[in-house]
């Protein structure tokens, strides 16, 4: 078969297959053109999910007749003034979008340049150009795309439903609106709810306002400010609290020089930063913007410009991981208010139980109740609490319930973020009173996090104190587990855990970290073997393996559910939580406490 030159229209249609995958792809290209033209207002309308109509009106700089005629030609662009592909400072630059769209649809563009006496219109119908011709138009540009993929029915057949395509179009507008909060965006469609985002003020407050309009109002209560800069690379934005996580990564919005991207390097950095905080299979919600010299990033990697390549990827990854970890550490005990809302919802849904068999409140005497608290020793101490572990070492002499009616709450504690301890429920949960509500703390989960952070700090400082056992503890286990433990012996030694082989099916524990005060070496070693076995399957990184081992150790030393605590112990635990990074969630990502505002509790009882 002889070689022949393809028809120009067919060439454009092939190019359209790379640039215009679906209506949302065309919409993205057209909005980027409007933003590059300096528009401060962009109005979008679609029909049939964008398959029948896409209309975009902006108030940007506009084009004259000559520019309009050239704009629909292949590889014609105003965004590469010096032809330097290594310094791309605009969103669009390939010069393929308009001719590609015009080859598979009916494209009509009306534009009026600033200072021009009138506007001009051009039409491209399935690759055939008509115009330009004079028309009536205010300053700016109006683009209409009709009957997308009408000339390529095979592509049209594989599009999704109108509703699904409309949602994809709305998502494109959302992503671009996040990156440009000072621009007003309006969106209307027949298959999806429309919206109108007014222009916001410049700065972090305006950005947060725009993000809350898109992600939801609860983002404000769960967002942590992220801001960092290193060697010319700047990072800013907002990251969600670890306790405000999602089932997938769909609410991770990442931008490079204002361009929305889906980059594996950046996504991996986010996972690494949140690795210590999230449950397995959960993902954080965040919006982050990376700004750097255009010479340091290649945006010409993918036809849809969804991927980028950094000249110094290690610098960008390190900045992202470090800034996120610093922001998460700065949040200390803070957790999402949604946990309290979920608890209230659960209580309200269970409030339909039958109370007819219960005695009337007027006839009920708490002194006759089986739950009446027995007399207890002296109540709450007014002195500042000691370290929780120091108090816990006092043993059963102080292991009594704290009674809410014994003494008034300490004024110095009630204004603290986690309040003053008032009681222990089921020997597992601490009930604390704040100035405007109550806090319920899971004592085991909270202490587990505290010990974990203490072990991490000791490891980082290379000053893990060891305690030699008078008689080495011999732990028997399977040969494969023994091999894993022995292979990991240098790793375990970093934490102060010294293990040695003791025959073919046993390990001897000679020294342990002093902070653990370990009383069950056998259980610890078996759990460590299981953790190492899991990491072997996952081919985990060294950092992840280290943290996994530390988490296992912390779990063994943590105060157990069912352990009775005195008032000073409970208050000491609360104060240490307030000082410890990440104490809002345990090592497994579960929340350590739930806060209920007094106004919400009163609503449950119909008092408000």
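Place a point 7 Å from Cα of residue 347 in the direction of its Cβ. Which residues in the stretch 566-608 have their backbone N less than 13 Å from it? Under cut-off, by backbone N: 594-608.
The Rg/Rh ratio of the stretch 204-330, with Rg taken over Cα atoms and Rh as the Kirkwood radius over Cα pairs, comes to 0.94. Any idea what % of Cα-Cα pairs in the stretch 156-215 are farther than 13 Å? Percent of Cα pairs beyond 13 Å in the stretch 156-215: 60. With 0.36 nm allotted per residue and the present C-alpha distance subtracted, the residue 564-residue 599 stretch has 9.6 nm of extension available. A full extension of the chain between residue 414 and residue 209 corresponds to an added length of 70.6 nm, given 0.36 nm per residue minus the alpha carbon distance. Legend: calculated FRET efficiency, residue 163 to residue 3, from the Cβ-Cβ distance at R0 = 35 Å, rounded to 0.05, equals 0.20.
Kirkwood hydrodynamic radius computed over the stretch 110-152 comes to 11.5 Å, based on all pairs of distinct alpha carbons. Per residue, the Cα convex hull of the stretch 8-197 amounts to 113 Å³. Sorted into 5 angstrom bins from 0, the C-alpha pair distances of the stretch 139-255 split as 2, 9, 15, 19, 17, 14, 10, 7, 5, 2, 0 percent. Full extension of the chain segment joining residue 487 with residue 133 gains 119.6 nm, where the gain is 0.36 nm per residue of separation less the Cα-Cα distance.
Every read-out reported here was derived from the displayed coordinates using simple, explicitly stated rules and does not represent laboratory data. This structure is a prediction, so every number in the text was calculated from the model and none was measured. Cβ: placed from backbone, ideal geometry, glycine included. Neighbour counts: every protein chain shown.
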